[in-house]
Amino acid sequence: MTGGAGRRATSDDPRSIAYDTLAAVSRDDAYANLVLPRLLTERKVTGREAALATELAYGASRTRGTLDRIIVSVTGRETASLDQPVADVLRLGAYQILYTRVPAHAAVATSVSLIRKVAGHKPAGFVNAVLRKVAARPLDSWLHKLSPSDPVGALALRHSHPEWIVRAFADALGDDTELPALLDADNAAPSVHLCARPGRVDRDELAAATGGKPGALSPYAVILPGGAPGDIRAVADGRAHVQDEGSQAVASALAAAPVEDRDERWLDLCAGPGGKAALLGSLAALRGATVDAVEISAHRTRLVQKAVAGLPVTVHEADGRTFGEDGAYDRVLVDAPCTGLGALRRRPEARWRRQPSDVDDLTTLQTALLASAIRLLRPGGVVAYVTCSPHLAETREIVAAAKDVTPVDVRPLFPGAGDLGPGPHVQLWPHRDGTDAMFLAVLRK
């Protein structure tokens, strides 16, 4: 049962949309959070059916590792040895049986119907038999049966994270006691955060207009109760944009850090897709400063240009490792490419796509980008090193190796926050702060 590429479900049924999303991830290495909204729009699916498609697509993507362990236990075969359509239909059916209130008989029946649609009649009996065996036990019974004796391995299975990521989280937290809460937060759908662009809209007015509430970490954040942010007038007309509060907080902290002497030229060295550049540009406009935004990717450069339209930001398609004139900037942001382990709740399949081997290549790039930022910074200026990952190799170890700079205690730059740890750097967490797991270090040259 290998080798078949399968067909698209091409239906407005929520399960078909969920399947087409999973198939795009499996077959095309696509991103679920980009594929699913497009499919919902194309097929004009809204309301409860859109909510079901979202739950099934994101849920099955997020729990894929645990679902695969259960499927392997039933079939005696690795899911990689199955045809892609069969594997994804089994994941979708097993997710409904084990994680939702969909009755088992309905999950089995609709999965059999779906596999016939995307792969023909031949695999229908196999799908039926496997899912009936999956339905013979509740989720807790499966977890008990398959759980390893190692506590980290058991947490990884129960919370559907790769073991290496759970260990990296434990290292960054310093102990294991918060791990269950963090992993639970990673598996919960995140709320939508808006950034009220300074000088264009007042944060409290935006909160009142949208029914949202002000954030605690960023002075520009509004946390929405739900809904579609694209329908909000302030977003449509460029007075606000969608951005995680943690991302806002690290950019605004850079802007708030004291510098010596002049404060006119700012730099965003890894600017795509442009959210932080837009916030820095809005703040620069109020303070008579300008921003250079550097992005190596042509596609992401265009996204930055769109995000910063009308702001004192000049966008450059260039490599941040070789860009610019030494000592030219007063403030530099290095939002370095990273594993993205801090945003797993927003990218449901990312935890299964990343591998431990990715870290070495990324840390080499991160080290080079921070060194370039320090080169471009004038004496007395500050650089903010940021990653959306808590992995120690991507955070504290990179900063500890930096030369010609002194750490700044960043905790006073978050005046509305609670306990941010011992400093001088700050690591935000989904379960503590309600944000992506952003790391921030501010360094003075």
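The values are calculated or read from the model by the stated rules, or taken from the named source; none is laboratory data. Quick caveat: nothing in here was measured; it's all calculated off a predicted structure. In this analysis, Cβ positions are derived from the backbone assuming ideal geometry, glycine residues included, and neighbour counts consider all displayed protein chains.
Laid out as a table, the results:
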{"read-out": "Criterion: in contact with a helix residue (DSSP H, G or I) (Cβ under 7 Å, 6 or more places away or on another chain) and without any contact (Cβ under 8 Å) to a residue 60 or more places away in the chain - qualifying residue of Thr363, Thr314, Thr322", "value": "Thr363"}
{"read-out": "The listed residue being surrounded by 19 or more Cβ atoms within 10 Å (Cβ to Cβ), assigned by TED's automatic domain parsing to the domain that holds Tyr19, closer than 25 Å to Ala30 by Cα and of a type in the set (Val, Ile, Thr), out of Val89, Val108", "value": "Val89"}
{"read-out": "Residue within segment 150-157 that is under 30 Å from Arg287 (Cα atoms) and touching a helix residue (DSSP H, G or I) at 6+ places or on another chain (Cβ under 7 Å) present", "value": "no"}
{"read-out": "Hits in segment 271-283 - residues which are surrounded by 24 or more Cβ atoms within 10 Å (Cβ to Cβ) and touching a Pro at 6+ places or on another chain (Cβ under 8 Å)", "value": "Leu279, Gly281, Ser282"}
{"read-out": "Segment 229-265 - residue that is β-branched (Val, Ile, Thr) and either out of contact with any Lys or Arg (no Cβ under 8 Å at 6 or more places or on another chain) or over 14 Å from Leu333 (Cβ atoms) (or both) and, of those, surrounded by the most Cβ atoms within 10 Å (Cβ to Cβ)", "value": "Ile232"}
{"read-out": "Count - residues of segment 9-54 that are surrounded by 16 or more Cβ atoms within 10 Å (Cβ to Cβ), in a helix (DSSP H, G or I), over 18 Å from the mean Cα position of the chain (by Cα) and among the aliphatic types (A, V, I, L, M)", "value": "9"}
{"read-out": "Pairs with Cβ under 9 Å, 6+ apart, first in segment 396-412 and surrounded by fewer than 18 Cβ atoms within 10 Å (Cβ to Cβ), second among the aromatic types (Phe, Trp, Tyr)", "value": "Arg396/Phe439"}
{"read-out": "Scan of segment 111-121 for residues that are touching a Leu at 6+ places or on another chain (Cβ under 9 Å) and surrounded by fewer than 22 Cβ atoms within 10 Å (Cβ to Cβ), ordered by number", "value": "Val112"}
{"read-out": "Flag for Asp171 being in contact (Cβ under 8 Å) with a residue 12 or more places away in the chain, charged (D, E, K, R) and within 19 Å of Ser389 (Cα to Cα)", "value": "yes"}
{"read-out": "Selected residue (only one of Arg132, Arg64 is in the same structural domain as Val25 (by TED's automatic domain parsing) and in contact with a Lys or Arg (Cβ under 8 Å, 6 or more places away or on another chain))", "value": "Arg64"}
{"read-out": "Residue in segment 293-309 that is under 28 Å from Thr364 (Cα atoms), over 24 Å from the mean Cα position of the chain (by Cα), in the same structural domain as Val386 (by TED's automatic domain parsing) and surrounded by fewer than 17 Cβ atoms within 10 Å (Cβ to Cβ) present", "value": "no"}
{"read-out": "Residue pairs meeting the criteria (Cβ under 6 Å; at least 6 apart or on separate chains; first under 18 Å from Gly434 (Cα atoms) and in the same structural domain as Ala253 (by TED's automatic domain parsing), in segment 379-392; second at pLDDT 95 or above and part of a strand (DSSP E or B))", "value": "Val386/Asp335; Val386/Leu440; Thr387/Phe439; Pro390/Gln427"}
{"read-out": "Single residue of segment 176-209 satisfying the filter (in contact with a strand residue (DSSP E or B) (Cβ under 6 Å, 6 or more places away or on another chain) and not in a loop (DSSP other than H, G, I, E, B)) that is surrounded by the fewest Cβ atoms within 10 Å (Cβ to Cβ)", "value": "Ala207"}
{"read-out": "Residues being at pLDDT 95 or above and in a loop (DSSP other than H, G, I, E, B) - total across segment 151-175", "value": "3"}
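Listed here are the residues, each with its yes/no results for (1) aromatic (Phe, Trp, Tyr); (2) more than 21 Å from Ser389 (Cα to Cα); (3) at pLDDT 95 or above.
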| position | (1), (2), (3) |
| --- | --- |
| Ala185 | no, no, yes |
| Ser218 | no, no, yes |
| Pro229 | no, yes, no |
| Pro273 | no, no, yes |
| Ala289 | no, yes, yes |
